[in-house]
Amino acid sequence: ARRSKEALVCVLDVGPSMQTGDDKSPTRLESAKKALELLLQQKILHTPKDEVGLVLVGTDDTSNPLADSEGGYENVTVAQSLDVPDADLLLSIPRIPAGSKPGDFIDGLVVALSMLHEHTSGKKMSRRVVLITDAGSEVNDVSHIDNIVQTLGDMECTLQIFGVDFAYGSARARSKSHVKEENEKLLRSLAERSGVEMLELGRAAEMLGAMRTRTVQQVSKFRGDLEIGPGLKVPVWSFALTKEMTLPSLKKESAHATDGVGKVRLLRTYRSKADKDVEVAAEDRVRAYRYGKQFVPFSTEDEAALKYMSERSLKVLGFVSAAAISRHNCISTVDCIAPEPDNPWAQQAVSALARALQAERRVAIVRYVTRKNAAPLLGFLSARVTADAECLYFNQLPFEEDVRDFQFPSFMADPEHAPTEAQLGAAEALVQSMDLMDVDDGGDRGEAFDPRHTFNPVLQRFYQCLQARAREPGCPLPPLDPAVARFLEVPPSVVKRSAAAAADFGRQFPVKRVERKATKRTRFWGDVDVDAAVAGAGLELAGDAKRKKGASGAAAAAGAGAG
(Lines give C-alpha, C1' and ligand atoms only; values in the text may rest on other atoms or scores of the structure.)
Protein backbone atom coordinates (compact mmCIF):
# COMPACT_ATOMS: atom_id res chain seq x y z
CA ALA A 1 0.00 0.00 0.00
CA ARG A 2 1.22 3.43 -0.87
CA ARG A 3 1.63 5.75 2.07
CA SER A 4 -0.25 9.03 2.09
CA LYS A 5 2.80 11.14 1.15
CA GLU A 6 5.84 10.58 -1.01
CA ALA A 7 9.31 12.11 -0.79
CA LEU A 8 10.86 12.25 -4.26
CA VAL A 9 14.37 13.39 -5.20
CA CYS A 10 15.12 13.91 -8.89
CA VAL A 11 18.75 13.61 -9.97
CA LEU A 12 19.28 15.42 -13.28
CA ASP A 13 22.51 15.18 -15.26
CA VAL A 14 23.37 18.59 -16.80
CA GLY A 15 26.97 17.77 -17.78
CA PRO A 16 28.59 18.44 -21.18
CA SER A 17 27.51 15.11 -22.70
CA MET A 18 23.85 16.03 -22.08
CA GLN A 19 24.19 18.93 -24.51
CA THR A 20 24.42 16.58 -27.50
CA GLY A 21 21.83 17.41 -30.14
CA ASP A 22 21.25 18.41 -33.73
CA ASP A 23 19.06 20.70 -35.82
CA LYS A 24 16.30 18.11 -36.14
CA SER A 25 15.89 17.21 -32.47
CA PRO A 26 16.38 18.86 -29.07
CA THR A 27 19.47 18.23 -26.99
CA ARG A 28 19.48 15.50 -24.40
CA LEU A 29 19.26 18.10 -21.64
CA GLU A 30 16.28 19.84 -23.25
CA SER A 31 14.41 16.54 -23.52
CA ALA A 32 15.25 15.72 -19.91
CA LYS A 33 14.08 19.13 -18.66
CA LYS A 34 10.83 18.81 -20.61
CA ALA A 35 10.23 15.42 -19.02
CA LEU A 36 11.04 16.79 -15.57
CA GLU A 37 8.48 19.55 -16.13
CA LEU A 38 5.84 16.95 -16.93
CA LEU A 39 6.71 15.02 -13.79
CA LEU A 40 6.40 18.11 -11.59
CA GLN A 41 3.17 19.04 -13.32
CA GLN A 42 1.71 15.65 -12.42
CA LYS A 43 2.88 16.07 -8.83
CA ILE A 44 1.31 19.52 -8.45
CA LEU A 45 -1.97 18.42 -10.03
CA HIS A 46 -2.48 14.99 -8.49
CA THR A 47 -0.46 14.75 -5.28
CA PRO A 48 0.16 18.33 -4.13
CA LYS A 49 1.13 17.22 -0.60
CA ASP A 50 4.09 15.16 -1.80
CA GLU A 51 7.56 16.63 -1.39
CA VAL A 52 10.12 16.99 -4.17
CA GLY A 53 13.86 17.67 -4.13
CA LEU A 54 16.20 18.32 -7.05
CA VAL A 55 19.90 17.40 -7.39
CA LEU A 56 21.94 18.53 -10.41
CA VAL A 57 24.99 16.57 -11.56
CA GLY A 58 27.66 18.19 -13.73
CA THR A 59 27.27 21.77 -12.50
CA ASP A 60 30.11 24.29 -12.62
CA ASP A 61 30.00 24.70 -8.83
CA THR A 62 29.63 22.28 -5.92
CA SER A 63 26.92 22.74 -3.29
CA ASN A 64 25.74 19.74 -1.27
CA PRO A 65 25.93 18.71 2.41
CA LEU A 66 28.18 15.68 1.80
CA ALA A 67 30.83 17.78 0.07
CA ASP A 68 30.85 20.15 3.05
CA SER A 69 31.11 17.40 5.67
CA GLU A 70 33.13 14.64 3.96
CA GLY A 71 34.73 16.24 0.91
CA GLY A 72 34.43 14.97 -2.64
CA TYR A 73 31.07 14.84 -4.43
CA GLU A 74 32.25 17.63 -6.70
CA ASN A 75 30.08 19.28 -9.36
CA VAL A 76 26.93 18.09 -7.57
CA THR A 77 24.44 20.78 -6.52
CA VAL A 78 21.28 20.52 -4.42
CA ALA A 79 19.07 22.90 -6.42
CA GLN A 80 15.92 22.24 -4.35
CA SER A 81 15.62 20.79 -0.86
CA LEU A 82 12.74 18.44 -0.17
CA ASP A 83 9.60 20.55 -0.04
CA VAL A 84 6.10 20.76 -1.50
CA PRO A 85 6.45 21.62 -5.22
CA ASP A 86 4.96 24.87 -6.47
CA ALA A 87 4.72 26.97 -9.62
CA ASP A 88 8.06 28.65 -8.90
CA LEU A 89 9.88 25.30 -9.02
CA LEU A 90 8.05 24.39 -12.22
CA LEU A 91 9.03 27.69 -13.85
CA SER A 92 12.66 27.26 -12.81
CA ILE A 93 13.17 23.98 -14.72
CA PRO A 94 13.56 25.50 -18.22
CA ARG A 95 16.08 27.98 -16.78
CA ILE A 96 18.42 25.28 -15.42
CA PRO A 97 21.81 26.06 -17.01
CA ALA A 98 23.92 23.46 -18.74
CA GLY A 99 27.12 22.52 -16.92
CA SER A 100 30.59 22.72 -18.41
CA LYS A 101 32.18 20.12 -16.14
CA PRO A 102 31.44 16.38 -16.10
CA GLY A 103 29.68 15.04 -13.02
CA ASP A 104 29.43 11.60 -11.46
CA PHE A 105 25.81 10.39 -11.45
CA ILE A 106 26.73 7.86 -8.74
CA ASP A 107 27.71 10.80 -6.50
CA GLY A 108 24.34 12.35 -7.33
CA LEU A 109 22.53 9.19 -6.19
CA VAL A 110 24.45 9.12 -2.91
CA VAL A 111 23.58 12.79 -2.25
CA ALA A 112 19.91 12.13 -3.07
CA LEU A 113 19.70 9.13 -0.72
CA SER A 114 21.37 11.17 2.01
CA MET A 115 18.75 13.90 1.54
CA LEU A 116 15.94 11.37 1.83
CA HIS A 117 17.44 9.78 4.94
CA GLU A 118 17.88 13.11 6.72
CA HIS A 119 14.43 14.41 5.79
CA THR A 120 12.23 11.32 6.13
CA SER A 121 13.84 9.43 9.02
CA GLY A 122 11.05 8.50 11.44
CA LYS A 123 8.30 9.71 9.06
CA LYS A 124 5.67 7.55 7.40
CA MET A 125 6.44 8.50 3.82
CA SER A 126 7.13 6.64 0.59
CA ARG A 127 10.61 7.30 -0.80
CA ARG A 128 11.66 7.49 -4.41
CA VAL A 129 14.70 8.61 -6.40
CA VAL A 130 14.54 9.36 -10.12
CA LEU A 131 17.81 9.46 -12.08
CA ILE A 132 17.86 11.08 -15.53
CA THR A 133 21.23 10.74 -17.25
CA ASP A 134 22.90 9.81 -20.50
CA ALA A 135 25.72 8.14 -18.50
CA GLY A 136 28.26 9.97 -20.61
CA SER A 137 30.66 11.06 -17.82
CA GLU A 138 33.30 9.11 -15.91
CA VAL A 139 32.33 7.36 -12.67
CA ASN A 140 34.78 8.07 -9.85
CA ASP A 141 34.12 5.14 -7.52
CA VAL A 142 32.21 2.06 -8.69
CA SER A 143 32.25 0.61 -5.16
CA HIS A 144 29.46 3.04 -4.20
CA ILE A 145 27.07 0.76 -6.09
CA ASP A 146 27.11 -1.79 -3.25
CA ASN A 147 26.27 0.93 -0.71
CA ILE A 148 23.46 2.25 -2.92
CA VAL A 149 21.87 -1.20 -3.26
CA GLN A 150 22.07 -1.71 0.52
CA THR A 151 20.68 1.74 1.30
CA LEU A 152 17.75 1.34 -1.10
CA GLY A 153 16.73 -1.84 0.68
CA ASP A 154 17.20 -0.45 4.19
CA MET A 155 15.19 2.71 3.43
CA GLU A 156 12.51 0.89 1.39
CA CYS A 157 13.26 3.39 -1.35
CA THR A 158 12.29 2.99 -5.00
CA LEU A 159 14.76 3.93 -7.72
CA GLN A 160 13.82 4.74 -11.31
CA ILE A 161 16.54 5.13 -13.94
CA PHE A 162 15.77 6.95 -17.19
CA GLY A 163 18.56 6.65 -19.69
CA VAL A 164 18.96 9.21 -22.45
CA ASP A 165 19.86 7.64 -25.81
CA PHE A 166 20.36 4.22 -24.24
CA ALA A 167 18.48 2.41 -27.03
CA TYR A 168 20.00 1.91 -30.47
CA GLY A 169 17.12 3.35 -32.49
CA SER A 170 18.74 6.72 -33.27
CA ALA A 171 22.03 7.83 -34.80
CA ARG A 172 23.01 9.53 -31.55
CA ALA A 173 22.44 6.32 -29.61
CA ARG A 174 24.41 4.24 -32.12
CA SER A 175 27.49 6.50 -31.90
CA LYS A 176 28.18 5.81 -28.23
CA SER A 177 31.47 6.44 -26.54
CA HIS A 178 33.28 3.70 -24.62
CA VAL A 179 32.54 5.52 -21.33
CA LYS A 180 28.84 5.67 -22.09
CA GLU A 181 28.66 1.98 -22.99
CA GLU A 182 30.44 0.93 -19.78
CA ASN A 183 28.26 3.20 -17.64
CA GLU A 184 25.11 1.80 -19.23
CA LYS A 185 26.26 -1.70 -18.26
CA LEU A 186 26.88 -0.41 -14.74
CA LEU A 187 23.36 1.04 -14.49
CA ARG A 188 21.79 -2.13 -15.86
CA SER A 189 23.69 -4.10 -13.24
CA LEU A 190 22.38 -1.73 -10.57
CA ALA A 191 18.84 -2.17 -11.86
CA GLU A 192 19.09 -5.97 -11.83
CA ARG A 193 20.62 -6.17 -8.37
CA SER A 194 18.13 -3.86 -6.72
CA GLY A 195 15.10 -4.78 -8.83
CA VAL A 196 14.56 -1.20 -9.93
CA GLU A 197 12.97 0.24 -13.04
CA MET A 198 15.19 1.25 -15.96
CA LEU A 199 13.61 2.85 -19.02
CA GLU A 200 14.69 4.75 -22.10
CA LEU A 201 13.92 8.46 -21.85
CA GLY A 202 12.96 8.91 -25.50
CA ARG A 203 10.28 11.47 -26.11
CA ALA A 204 8.65 13.48 -23.36
CA ALA A 205 5.45 11.48 -23.78
CA GLU A 206 7.26 8.31 -22.74
CA MET A 207 8.43 10.06 -19.60
CA LEU A 208 4.92 11.23 -18.93
CA GLY A 209 3.71 7.64 -19.08
CA ALA A 210 6.56 6.12 -17.13
CA MET A 211 6.90 8.82 -14.48
CA ARG A 212 3.28 9.60 -13.82
CA THR A 213 2.49 10.05 -10.16
CA ARG A 214 -1.29 9.77 -10.28
CA THR A 215 -1.43 7.47 -7.29
CA VAL A 216 -4.42 6.83 -5.11
CA GLN A 217 -4.21 5.98 -1.46
CA GLN A 218 -5.14 2.33 -0.99
CA VAL A 219 -8.43 2.50 0.91
CA SER A 220 -10.66 -0.55 1.24
CA LYS A 221 -14.20 -0.44 -0.15
CA PHE A 222 -15.42 -3.44 1.81
CA ARG A 223 -14.28 -5.23 4.95
CA GLY A 224 -16.25 -8.29 5.80
CA ASP A 225 -16.67 -12.00 5.19
CA LEU A 226 -16.67 -13.94 1.97
CA GLU A 227 -19.57 -16.32 2.66
CA ILE A 228 -18.98 -19.59 0.81
CA GLY A 229 -21.59 -21.69 2.60
CA PRO A 230 -23.39 -22.17 5.92
CA GLY A 231 -20.87 -21.59 8.69
CA LEU A 232 -17.96 -20.99 6.27
CA LYS A 233 -16.82 -17.36 6.17
CA VAL A 234 -13.42 -15.99 5.11
CA PRO A 235 -12.44 -12.46 6.27
CA VAL A 236 -11.55 -10.39 3.19
CA TRP A 237 -10.99 -6.78 2.13
CA SER A 238 -11.83 -5.33 -1.27
CA PHE A 239 -10.09 -2.51 -3.15
CA ALA A 240 -11.00 -0.70 -6.36
CA LEU A 241 -8.67 -1.95 -9.08
CA THR A 242 -9.97 0.25 -11.89
CA LYS A 243 -12.02 3.43 -11.80
CA GLU A 244 -12.77 6.02 -14.44
CA MET A 245 -10.79 9.21 -13.97
CA THR A 246 -12.87 12.31 -14.65
CA LEU A 247 -11.99 15.96 -15.14
CA PRO A 248 -11.54 17.93 -11.91
CA SER A 249 -14.60 19.96 -10.99
CA LEU A 250 -14.29 23.68 -11.59
CA LYS A 251 -14.86 25.94 -8.62
CA LYS A 252 -17.32 28.79 -9.08
CA GLU A 253 -15.89 32.12 -7.99
CA SER A 254 -17.40 35.61 -8.10
CA ALA A 255 -15.29 38.43 -9.51
CA HIS A 256 -17.79 40.97 -8.12
CA ALA A 257 -17.50 40.01 -4.45
CA THR A 258 -16.67 42.80 -2.03
CA ASP A 259 -13.31 41.25 -1.15
CA GLY A 260 -12.31 40.64 -4.78
CA VAL A 261 -12.97 36.99 -5.47
CA GLY A 262 -15.34 34.85 -3.44
CA LYS A 263 -17.18 31.57 -3.62
CA VAL A 264 -20.56 31.40 -5.32
CA ARG A 265 -23.37 29.83 -3.29
CA LEU A 266 -26.37 28.29 -5.03
CA LEU A 267 -29.80 29.23 -3.64
CA ARG A 268 -32.84 27.43 -5.05
CA THR A 269 -36.41 28.65 -4.53
CA TYR A 270 -39.72 27.15 -5.62
CA ARG A 271 -42.54 29.39 -6.85
CA SER A 272 -46.23 28.73 -7.28
CA LYS A 273 -47.30 28.10 -10.86
CA ALA A 274 -50.46 30.14 -10.29
CA ASP A 275 -48.67 33.09 -8.69
CA LYS A 276 -44.95 33.40 -9.31
CA ASP A 277 -44.58 35.84 -6.41
CA VAL A 278 -45.59 33.17 -3.89
CA GLU A 279 -42.79 30.89 -2.66
CA VAL A 280 -43.75 27.28 -1.93
CA ALA A 281 -42.56 26.13 1.50
CA ALA A 282 -40.66 22.85 1.94
CA GLU A 283 -43.54 21.22 3.83
CA ASP A 284 -45.86 21.97 0.91
CA ARG A 285 -43.62 20.28 -1.66
CA VAL A 286 -43.55 16.59 -2.56
CA ARG A 287 -41.52 14.60 -5.09
CA ALA A 288 -43.33 12.67 -7.80
CA TYR A 289 -42.42 10.05 -10.38
CA ARG A 290 -43.85 10.02 -13.88
CA TYR A 291 -46.15 7.09 -14.64
CA GLY A 292 -47.36 7.46 -18.19
CA LYS A 293 -48.86 10.94 -18.50
CA GLN A 294 -49.50 11.37 -14.82
CA PHE A 295 -47.22 12.01 -11.83
CA VAL A 296 -47.36 9.74 -8.80
CA PRO A 297 -46.37 11.61 -5.58
CA PHE A 298 -44.11 10.03 -2.97
CA SER A 299 -43.54 11.59 0.42
CA THR A 300 -40.22 11.41 2.27
CA GLU A 301 -41.56 8.50 4.32
CA ASP A 302 -42.69 6.73 1.16
CA GLU A 303 -39.26 7.13 -0.40
CA ALA A 304 -37.59 5.65 2.67
CA ALA A 305 -39.95 2.66 2.53
CA LEU A 306 -39.38 2.35 -1.22
CA LYS A 307 -35.62 2.00 -0.81
CA TYR A 308 -34.19 -1.52 -1.00
CA MET A 309 -32.83 -2.54 2.41
CA SER A 310 -29.68 -4.68 2.48
CA GLU A 311 -26.72 -5.58 4.69
CA ARG A 312 -23.04 -5.50 3.74
CA SER A 313 -22.11 -8.88 2.32
CA LEU A 314 -20.11 -10.85 -0.22
CA LYS A 315 -21.87 -14.16 -0.69
CA VAL A 316 -21.04 -16.99 -3.09
CA LEU A 317 -24.17 -18.17 -4.94
CA GLY A 318 -22.46 -20.94 -6.87
CA PHE A 319 -19.84 -21.74 -9.50
CA VAL A 320 -19.95 -21.82 -13.31
CA SER A 321 -17.49 -22.44 -16.11
CA ALA A 322 -15.37 -19.42 -16.97
CA ALA A 323 -16.31 -19.97 -20.62
CA ALA A 324 -19.95 -19.24 -19.73
CA ILE A 325 -19.08 -15.59 -18.96
CA SER A 326 -18.97 -13.47 -22.10
CA ARG A 327 -16.59 -10.53 -22.08
CA HIS A 328 -19.31 -8.11 -23.20
CA ASN A 329 -21.26 -8.93 -20.02
CA CYS A 330 -18.54 -7.45 -17.77
CA ILE A 331 -19.73 -3.99 -16.78
CA SER A 332 -18.58 -1.22 -14.44
CA THR A 333 -15.26 -1.31 -12.56
CA VAL A 334 -13.11 -4.14 -11.17
CA ASP A 335 -12.47 -4.78 -7.46
CA CYS A 336 -9.64 -6.81 -5.98
CA ILE A 337 -10.69 -9.19 -3.19
CA ALA A 338 -7.74 -9.87 -0.88
CA PRO A 339 -7.52 -11.81 2.40
CA GLU A 340 -7.63 -9.87 5.64
CA PRO A 341 -4.10 -8.61 6.49
CA ASP A 342 -2.20 -10.46 9.21
CA ASN A 343 -4.64 -13.36 9.06
CA PRO A 344 -2.80 -16.54 7.96
CA TRP A 345 -5.98 -18.64 7.89
CA ALA A 346 -7.73 -16.15 5.58
CA GLN A 347 -4.68 -16.01 3.32
CA GLN A 348 -4.59 -19.79 3.03
CA ALA A 349 -8.32 -19.96 2.33
CA VAL A 350 -8.22 -17.28 -0.43
CA SER A 351 -5.12 -18.90 -1.94
CA ALA A 352 -6.78 -22.32 -2.00
CA LEU A 353 -9.97 -20.93 -3.54
CA ALA A 354 -8.07 -18.95 -6.19
CA ARG A 355 -5.94 -21.94 -7.16
CA ALA A 356 -8.99 -24.21 -7.33
CA LEU A 357 -10.85 -21.76 -9.58
CA GLN A 358 -7.81 -21.48 -11.83
CA ALA A 359 -7.29 -25.25 -12.03
CA GLU A 360 -10.98 -25.97 -12.73
CA ARG A 361 -11.36 -22.97 -15.06
CA ARG A 362 -14.39 -21.80 -13.18
CA VAL A 363 -15.64 -18.59 -11.59
CA ALA A 364 -17.79 -17.93 -8.53
CA ILE A 365 -21.11 -16.11 -8.97
CA VAL A 366 -21.55 -13.76 -6.00
CA ARG A 367 -23.89 -11.21 -4.46
CA TYR A 368 -21.91 -8.11 -3.47
CA VAL A 369 -23.10 -5.27 -1.22
CA THR A 370 -20.32 -2.82 -0.31
CA ARG A 371 -22.24 -0.88 2.35
CA LYS A 372 -25.48 -1.08 4.28
CA ASN A 373 -28.63 -0.43 2.23
CA ALA A 374 -26.62 -0.14 -0.98
CA ALA A 375 -27.98 -1.70 -4.15
CA PRO A 376 -26.83 -5.35 -4.36
CA LEU A 377 -24.55 -6.20 -7.26
CA LEU A 378 -24.46 -9.47 -9.18
CA GLY A 379 -21.00 -10.47 -10.34
CA PHE A 380 -18.35 -13.13 -10.48
CA LEU A 381 -15.00 -13.78 -8.81
CA SER A 382 -12.11 -14.93 -11.00
CA ALA A 383 -8.70 -16.14 -9.85
CA ARG A 384 -5.53 -14.05 -10.02
CA VAL A 385 -2.52 -16.21 -9.25
CA THR A 386 1.00 -14.88 -9.90
CA ALA A 387 4.42 -15.34 -8.36
CA ASP A 388 3.89 -12.16 -6.32
CA ALA A 389 0.25 -12.34 -5.26
CA GLU A 390 -2.86 -14.50 -5.06
CA CYS A 391 -6.25 -12.84 -4.91
CA LEU A 392 -9.68 -12.69 -6.55
CA TYR A 393 -11.06 -10.17 -9.03
CA PHE A 394 -14.70 -9.07 -8.91
CA ASN A 395 -16.44 -8.15 -12.16
CA GLN A 396 -20.02 -6.91 -12.15
CA LEU A 397 -22.60 -8.71 -14.30
CA PRO A 398 -25.75 -7.12 -15.72
CA PHE A 399 -29.28 -7.87 -14.59
CA GLU A 400 -31.97 -8.66 -17.15
CA GLU A 401 -33.01 -5.00 -17.31
CA ASP A 402 -29.44 -3.97 -18.15
CA VAL A 403 -29.06 -6.18 -21.22
CA ARG A 404 -29.83 -4.89 -24.73
CA ASP A 405 -30.54 -8.11 -26.60
CA PHE A 406 -30.33 -6.93 -30.19
CA GLN A 407 -30.33 -9.52 -32.96
CA PHE A 408 -28.32 -9.04 -36.15
CA PRO A 409 -28.46 -11.52 -39.05
CA SER A 410 -25.31 -13.14 -40.35
CA PHE A 411 -23.98 -12.11 -43.75
CA MET A 412 -23.09 -15.74 -44.39
CA ALA A 413 -26.80 -16.60 -44.59
CA ASP A 414 -27.10 -14.64 -47.86
CA PRO A 415 -24.67 -15.90 -50.55
CA GLU A 416 -24.88 -12.54 -52.29
CA HIS A 417 -23.34 -10.78 -49.28
CA ALA A 418 -21.00 -13.54 -48.07
CA PRO A 419 -17.28 -12.60 -48.38
CA THR A 420 -15.12 -14.50 -50.84
CA GLU A 421 -11.98 -16.43 -49.91
CA ALA A 422 -9.85 -13.61 -51.29
CA GLN A 423 -11.69 -11.07 -49.16
CA LEU A 424 -11.34 -13.23 -46.05
CA GLY A 425 -7.62 -13.61 -46.73
CA ALA A 426 -7.19 -9.84 -47.18
CA ALA A 427 -8.97 -9.16 -43.89
CA GLU A 428 -6.83 -11.75 -42.08
CA ALA A 429 -3.63 -10.23 -43.49
CA LEU A 430 -4.72 -6.74 -42.40
CA VAL A 431 -5.41 -7.90 -38.84
CA GLN A 432 -2.06 -9.67 -38.60
CA SER A 433 -0.11 -6.72 -40.02
CA MET A 434 -1.64 -4.36 -37.43
CA ASP A 435 -0.71 -6.53 -34.44
CA LEU A 436 0.04 -4.25 -31.47
CA MET A 437 1.81 -6.76 -29.26
CA ASP A 438 5.23 -6.22 -30.86
CA VAL A 439 5.60 -2.60 -32.00
CA ASP A 440 8.83 -0.74 -32.70
CA ASP A 441 8.46 2.63 -30.96
CA GLY A 442 11.62 4.66 -31.49
CA GLY A 443 14.01 1.78 -30.84
CA ASP A 444 12.02 0.12 -28.05
CA ARG A 445 9.90 -2.91 -28.90
CA GLY A 446 6.89 -3.93 -26.89
CA GLU A 447 3.11 -3.76 -26.55
CA ALA A 448 1.46 -0.60 -27.83
CA PHE A 449 -1.36 1.07 -25.90
CA ASP A 450 -0.54 -0.73 -22.67
CA PRO A 451 -3.06 0.81 -20.22
CA ARG A 452 -0.25 1.40 -17.72
CA HIS A 453 1.42 3.82 -20.15
CA THR A 454 -1.52 5.12 -22.21
CA PHE A 455 -2.99 8.36 -20.97
CA ASN A 456 -6.40 9.88 -21.56
CA PRO A 457 -5.82 12.69 -24.10
CA VAL A 458 -8.80 14.65 -22.73
CA LEU A 459 -7.31 14.77 -19.24
CA GLN A 460 -3.80 15.47 -20.51
CA ARG A 461 -5.10 18.32 -22.69
CA PHE A 462 -6.81 19.81 -19.64
CA TYR A 463 -3.61 19.57 -17.59
CA GLN A 464 -1.62 21.13 -20.43
CA CYS A 465 -3.95 24.15 -20.57
CA LEU A 466 -4.11 24.41 -16.78
CA GLN A 467 -0.33 24.49 -16.57
CA ALA A 468 -0.14 27.21 -19.24
CA ARG A 469 -2.66 29.40 -17.39
CA ALA A 470 -0.87 28.80 -14.08
CA ARG A 471 2.31 30.15 -15.66
CA GLU A 472 0.66 33.07 -17.42
CA PRO A 473 -2.95 33.95 -16.48
CA GLY A 474 -5.00 35.09 -19.46
CA CYS A 475 -2.66 33.67 -22.10
CA PRO A 476 -4.14 31.99 -25.21
CA LEU A 477 -4.63 28.27 -24.73
CA PRO A 478 -1.76 26.36 -26.37
CA PRO A 479 -2.31 23.94 -29.27
CA LEU A 480 -2.59 20.25 -28.50
CA ASP A 481 0.79 18.79 -27.65
CA PRO A 482 1.77 16.11 -30.20
CA ALA A 483 2.94 13.99 -27.28
CA VAL A 484 -0.67 13.96 -26.05
CA ALA A 485 -2.25 13.40 -29.46
CA ARG A 486 -0.18 10.28 -30.15
CA PHE A 487 -1.81 8.35 -27.29
CA LEU A 488 -4.73 7.35 -29.53
CA GLU A 489 -3.06 7.37 -32.95
CA VAL A 490 -1.84 4.39 -34.96
CA PRO A 491 1.92 3.95 -34.31
CA PRO A 492 3.98 4.97 -37.38
CA SER A 493 5.68 1.56 -37.49
CA VAL A 494 2.26 -0.13 -37.68
CA VAL A 495 1.15 2.21 -40.48
CA LYS A 496 4.26 1.33 -42.46
CA ARG A 497 3.99 -2.38 -41.75
CA SER A 498 0.30 -2.61 -42.72
CA ALA A 499 0.41 -0.38 -45.82
CA ALA A 500 0.44 -3.26 -48.33
CA ALA A 501 -2.27 -5.23 -46.48
CA ALA A 502 -4.45 -2.12 -46.20
CA ALA A 503 -4.11 -1.44 -49.92
CA ASP A 504 -5.06 -5.02 -50.77
CA PHE A 505 -8.03 -4.82 -48.39
CA GLY A 506 -9.19 -1.69 -50.19
CA ARG A 507 -8.96 -3.41 -53.58
CA GLN A 508 -10.99 -6.36 -52.32
CA PHE A 509 -13.73 -4.06 -51.05
CA PRO A 510 -14.04 -1.23 -53.57
CA VAL A 511 -16.01 1.71 -52.29
CA LYS A 512 -18.13 3.85 -54.63
CA ARG A 513 -19.60 7.19 -53.69
CA VAL A 514 -23.37 7.21 -53.86
CA GLU A 515 -24.81 10.61 -54.51
CA ARG A 516 -27.80 11.31 -52.35
CA LYS A 517 -30.89 12.16 -54.38
CA ALA A 518 -32.57 15.43 -53.56
CA THR A 519 -35.76 14.65 -51.70
CA LYS A 520 -38.89 16.58 -52.50
CA ARG A 521 -39.80 18.67 -49.50
CA THR A 522 -43.43 18.83 -48.46
CA ARG A 523 -44.56 22.43 -48.24
CA PHE A 524 -47.47 23.74 -46.23
CA TRP A 525 -49.51 26.90 -46.71
CA GLY A 526 -48.26 28.16 -43.38
CA ASP A 527 -44.66 28.09 -44.72
CA VAL A 528 -45.44 30.25 -47.80
CA ASP A 529 -44.62 33.94 -47.86
CA VAL A 530 -47.76 34.93 -49.82
CA ASP A 531 -46.73 38.49 -50.61
CA ALA A 532 -43.32 37.42 -51.97
CA ALA A 533 -44.83 34.61 -54.02
CA VAL A 534 -47.47 36.86 -55.58
CA ALA A 535 -45.01 39.62 -56.36
CA GLY A 536 -42.57 37.13 -57.90
CA ALA A 537 -45.31 35.87 -60.22
CA GLY A 538 -46.33 39.39 -61.29
CA LEU A 539 -49.82 38.96 -59.79
CA GLU A 540 -51.95 40.93 -57.43
CA LEU A 541 -54.11 39.79 -54.59
CA ALA A 542 -57.84 40.50 -55.05
CA GLY A 543 -57.90 42.78 -52.05
CA ASP A 544 -54.90 44.75 -53.30
CA ALA A 545 -56.50 45.21 -56.73
CA LYS A 546 -59.70 46.55 -55.20
CA ARG A 547 -57.75 48.89 -52.98
CA LYS A 548 -55.71 50.19 -55.93
CA LYS A 549 -58.85 50.65 -58.02
CA GLY A 550 -60.57 52.54 -55.23
CA ALA A 551 -57.50 54.68 -54.70
CA SER A 552 -57.23 55.57 -58.38
CA GLY A 553 -60.98 56.45 -58.55
CA ALA A 554 -60.66 58.72 -55.54
CA ALA A 555 -57.66 60.44 -57.08
CA ALA A 556 -59.57 61.05 -60.34
CA ALA A 557 -62.56 62.52 -58.46
CA ALA A 558 -60.29 64.81 -56.52
CA GLY A 559 -58.68 65.96 -59.76
CA ALA A 560 -62.05 66.70 -61.34
CA GLY A 561 -63.18 68.71 -58.33
CA ALA A 562 -60.05 70.74 -58.45
CA GLY A 563 -60.67 71.53 -62.14
Loop-resident trypsin sites (Lys or Arg not before Pro) in segment 283-365 with no more than 13 other Cβ atoms inside 10 Å, DSSP not H/G/I/E/B, are 285, 293, 307, 361
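Sorted by accessible area with a 1.4 angstrom probe, largest first, how do 345, 237 fall?
345, 237
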On the formula 1/(1 + (r/R0)^6), with r taken between the Cβ atoms of residue 450 and residue 265 and R0 of 56 Å, the FRET efficiency rounded to 0.05 is 0.80
Counting only DSSP loop positions in segment 401-457, the trypsin sites (Lys or Arg not before Pro) whose Cβ has at most 16 other Cβ atoms within 10 Å are 404
Computed over segment 57-136, the convex hull of the Cα set has an average projected area, in nm², of 6.0
For segment 478-489, Karplus-derived ³J(HN,Hα) couplings (6.51, -1.76, 1.60; θ = phi - 60°; whole Hz; x for glycine and proline) come out as x, x, 4, 5, x, 5, 7, 5, 6, 5, 10, 10
The answer for residue 362, listing residues at least 5 apart or on another chain whose modeled amide H is closer than 5 Å to its amide H, is 322
Answer check: segment 272-323, Cα atoms, Kirkwood Rh, Rg/Rh ratio of 1.33
Place a point 7 Å from the Cα of residue 25 in the direction of its beta carbon; the residues of segment 415-455 whose amide N falls under 13 Å from it are 441-444
For segment 403-410, Karplus-derived ³J(HN,Hα) couplings (6.51, -1.76, 1.60; θ = phi - 60°; whole Hz; x for glycine and proline) come out as 8, 9, 8, 8, 10, 10, x, 7
Rounded to the angstrom and largest first, Cα extents along the principal axes for segment 1-72 equal 42, 40, 18
Rounded to the nearest 10 Å², the 1.4 Å probe accessible area of residue 301 is 130
To the nearest 0.05, the calculated FRET efficiency linking residue 5 and residue 228 through their beta-carbon distance, R0 being 45 Å, is 0.70
Amide H proximity to residue 6 below 5 Å, modelled H, separation 5+ or other chain, gives 50, 51, 126
Here, residue 469 and residue 407, labelled 7 Å along Cα→Cβ, have an inter-label distance in nm of 5.2
Output for segment 34-84 (equivalent-ellipsoid semi-axes, sqrt of 5λ from the C-alpha gyration tensor, Å, descending) is 27, 13, 5
Excluding ligands, DNA and RNA, the carbon-plus-sulfur percentage of the accessible area of segment 388-489 with a 1.4 Å probe reads 58
Interchain or sequence-distant (5+) residues whose placed amide H lies within less than 5 Å of the amide H of residue 226 are 234, 236
Number of Lys pairs in segment 231-349 closer than 25 Å at Cα, excluding neighbours under 8 places apart unless interchain, is 9
Excluding near-sequence neighbours (fewer than 8 apart on one chain), segment 1-108 holds lysine pairs with C-alpha atoms under 20 Å apart numbering 7
What the 5 Å binned alpha carbon P(r) of segment 121-168 shows, as percent of pairs per bin from 0, is 5, 15, 20, 24, 18, 10, 5, 2, 0
Among GluC sites (Glu not before Pro) in segment 308-391, those in a DSSP loop whose Cβ has at most 13 other Cβ atoms within 10 Å are 311
Judged on accessible area alone, 1.4 Å probe, highest first, 308, 368 line up as 308, 368
Heavy-atom accessible area of residue 221, protein chains in place, probe 1.4 angstrom, given in Å² to nearest 10, is 90
In whole percents, the bins of 5 Å from zero upward hold the Cα-Cα pairs of segment 315-422 as 2, 10, 17, 19, 15, 11, 7, 6, 6, 4, 2, 1, 0, 0
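The values are calculated or read from the model by the stated rules, or taken from the named source; none is laboratory data. Just so we're clear, the structure is a prediction, and the values are computed from it rather than from any experiment. Heads up, the Cβs are rebuilt from the backbone with ideal geometry, glycines too, and the neighbour counts pull from every protein chain shown. Calculation scope for accessible area: heavy atoms of the full protein, side chains included, ligands and nucleic acids excluded. Shrake-Rupley method; radii C 1.70, N 1.55, O 1.52, S 1.80 Å.
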